[in-house]
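The structure under discussion appears below in the form of structure tokens.
The values are calculated or read from the model by the stated rules, or taken from the named source; none is laboratory data. Predicted model only: the values in this text are computed from it and were never measured. Cβ sites come from the backbone with ideal geometry, for glycine too, and all protein chains shown count toward neighbours.
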Amino acid sequence: MSRRKSLKGRKQSLQSLQSRYLLIIMAALLFIPVGIPLTFAGYNLFNMATADKPPEEYEQYSNINALERQWHQEALELAGQTVEAVDRRLKELSGSYPLAAVFWVDRQGQTRMIHSPKDPQLKEQLGTDRIPAQWSAPEAIAFMKEAALQRPLAIVAFVGDRADAGEGFMVMQIPAKITEAYRFQSLGSWYILFLLIFFALFIASSWLFFTGIRKRLLRLQTAMSFTGGAGIPEPIEPGKADEIGRLEEAFNYMVAELSVSRRREAEEEGLRKQLVANLSHDLRTPLTVIRSHLHVLGKEALSQRGQESVALMDERMESLSGLIDNLLSYNLLTSGRLTFKAERKDVLRIVRESAAAWYPLWEKEGFEVDIELESEPLYRVIDEVWFRRILDNLFQNIVRHARSGHYVGVHTDIRDGSPVVIISDKGKGMGGTSESAGAGLGLSIVSLLLQQMELAWKTDSSPQGTSVILYLPQEQNLNKI
């Protein structure tokens, strides 16, 4: 098992982006110490395989270095010899090298024993007829310079193989036709072509490497940006087994986990809503029975304390009934089972009617009621039933949680360029404690209903009281279901 994991890890490391990038860099770095020698070797092999083979009589002139060593050795052995002895030896050497020109210059600067090849073309290349009979210092220097430039190739050695011997110098000239037969063609064009091909391959491989990475990253970015119908990105097809490939696999795993989590969440939400609906329905029946019996009990002859207990229980039952209604309404809103009925209505008329319906209760509880609404109608596209429910929840919250302030204010104003309806109280604020504090479903229902009607709202709360501001802008979206 461990060996399999080791092989898998080694395979992944070889396929990683880092390994591939390092391979490109190593190819670039090894070009000079490895690429250039391979270029020369390849060219030599190519030239040897395709070039014409020189004639056999050129073979003895193929190794110039060996000829130079031999020529200097002959010059060394002629040290102190007479002119005639030097002539004889050079004549023998000219017989051994019939295609080369052989001559020597004695200590007085006179040219001795000139041997030229019989081939007129080779003789013309050597130019032995232009060799001076008497050498001057400038002529000797010019000849040495041309010999160094190999025009033609000349092997020069001082007799005695020492410049200070003063016995002259001896020369062997090899025609250019022979030397060119063993000289490879210039590497300039081949080398430039190889460089261009290498750099083109390096640029192409680098470009493909980085464009491939960019394309895969953009594909992953696109997959992350665009979501499906469930709000979850779609999985993508994983690519190579490198770092990006593992990132794609991790992304697909995350998408799968999100899908499972979203499906589980939807199932749990459905169960919760069904449970709330069932509980709301099941609680209504015993609550109705209890309230009816309390009503009957209230008609019986009871002491003052008993009547207070019955009244308190009836009040708590009413609160419980309102809580069940809110719970059911919240469940219907969150599940999208309430239908929005868009109508053009006078909002201020609805506010006046709702406040008038609550006025007797406010008066009974000893509230100071302050209502200042514009006389002109304010038409907006709303759902009248929903809007009345919003006002009822806000007025009910004042009665339940802000009773200590004994104040209800309903006003109109202009805020941020839009007409607003402000419902305020002088209670302890949302941060204060209340005996009738609930789960906050009333304000949650208000928020959901206003959101469905695309109306904004805001609360300003302090220990001196709370104000709920309902914004009524001019433009509203009518395309509701």
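Could you tell me how many of the residues in the stretch 91-146 are charged (D, E, K, R) and in contact with a Phe, Trp or Tyr (Cβ under 8 Å, 6 or more places away or on another chain)? Quick ask: steps written out before the conclusion?
Here is the first cut: in the stretch 91-146, the residues charged (D, E, K, R) are 91-92, 106-107, 112, 118-119, 123-124, 129-130, 139, 145-146.
From what is left, the residues that are in contact with a Phe, Trp or Tyr (Cβ under 8 Å, 6 or more places away or on another chain) are 112.
Of the residues in the stretch 91-146, 1 are charged (D, E, K, R) and in contact with a Phe, Trp or Tyr (Cβ under 8 Å, 6 or more places away or on another chain).
Mind listing whichever residues of the stretch 227-239 are at pLDDT below 75 and within 28 Å of TYR21 (Cβ to Cβ)?
Here is the first cut: in the stretch 227-239, the residues at pLDDT below 75 are 227-231, 239.
GLY239, the sole residue that qualifies.
Taking only the stretch 367-401 into account, find how many residues are at pLDDT 85 or above, surrounded by 19 or more Cβ atoms within 10 Å (Cβ to Cβ) and farther than 27 Å from PHE340 by Cβ.
Qualifying residue count for the region: 1.
If you check SER461, SER467, which single one turns out to be closer than 21 Å to TRP386 by Cα, surrounded by 14 or more Cβ atoms within 10 Å (Cβ to Cβ) and at pLDDT 85 or above?
On the way: SER461 fails: closer than 21 Å to TRP386 by Cα.
Of SER461, SER467, the one residue that is closer than 21 Å to TRP386 by Cα, surrounded by 14 or more Cβ atoms within 10 Å (Cβ to Cβ) and at pLDDT 85 or above is SER467.
Given the residues ARG130, ARG89, ARG112, ARG107, which is the only one that is surrounded by 14 or more Cβ atoms within 10 Å (Cβ to Cβ) and over 21 Å from ALA66 (Cα atoms)? Working first, answer last.
On the way: ARG130 fails: surrounded by 14 or more Cβ atoms within 10 Å (Cβ to Cβ); ARG89 fails: over 21 Å from ALA66 (Cα atoms); ARG107 fails: surrounded by 14 or more Cβ atoms within 10 Å (Cβ to Cβ).
One residue alone meets the criteria, ARG112.
Can you pull out the residues in the stretch 144-169 that are under 11 Å from VAL105 (Cβ atoms) and touching a residue at least 24 places away in the same chain (Cβ under 8 Å)? Give the derivation first.
So the first thing to find is which residues in the stretch 144-169 are under 11 Å from VAL105 (Cβ atoms), and the list is 156, 158-159, 167-169.
Hits for the stretch 144-169 are PHE158, VAL159, GLU167, GLY168, PHE169.
Within the stretch 240-268, how many residues are farther than 22 Å from ARG216 by Cα and either without any contact (Cβ under 8 Å) to a residue 12 or more places away in the chain or in contact with a strand residue (DSSP E or B) (Cβ under 9 Å, 6 or more places away or on another chain) (or both)? Outline the logic, then answer.
Quick first cut of the stretch 240-268, residues farther than 22 Å from ARG216 by Cα only: 257-268.
Narrowing the set further to residues that are either without any contact (Cβ under 8 Å) to a residue 12 or more places away in the chain or in contact with a strand residue (DSSP E or B) (Cβ under 9 Å, 6 or more places away or on another chain) (or both) leaves 257-258, 260-261, 263-268.
Number satisfying all stated conditions: 10.
Take the stretch 412-442 and flag every residue that is modelled with pLDDT of 80 or more, surrounded by fewer than 17 Cβ atoms within 10 Å (Cβ to Cβ) and not polar (S, T, N, Q).
Result: ASP413, ILE414, ARG415, ASP416, GLY417.
Would you check if there is a residue in the stretch 113-121 being in a strand (DSSP E or B), at positive phi and not polar (S, T, N, Q)?
yes
Tell me, which residue of the stretch 163-186 that is charged (D, E, K, R) and modelled with pLDDT under 85 is nearest to GLY127 (Cα to Cα)? Talk me through it step by step, then tell me what you get.
Applying the first criterion (charged (D, E, K, R)) to the stretch 163-186 yields 164, 167, 177, 180, 183.
With the extra rule that they be modelled with pLDDT under 85, the set shrinks to 164, 177, 180, 183.
Details: ASP164: 28, LYS177: 13, GLU180: 17, ARG183: 21 Å.
Result: LYS177.
What are the pairs with Cβ atoms under 9 angstrom where one residue, in the stretch 339-353, is without any contact (Cβ under 8 Å) to a residue 24 or more places away in the chain and the other, located anywhere, is β-branched (Val, Ile, Thr) and part of a helix (DSSP H, G or I)? Sequence gap at least six, or different chains.
Short answer, once both residue conditions are applied: none.
Which of the residues belonging to the stretch 334-345 are surrounded by 15 or more Cβ atoms within 10 Å (Cβ to Cβ) and at pLDDT 85 or above?
Correct list: LYS345 only.
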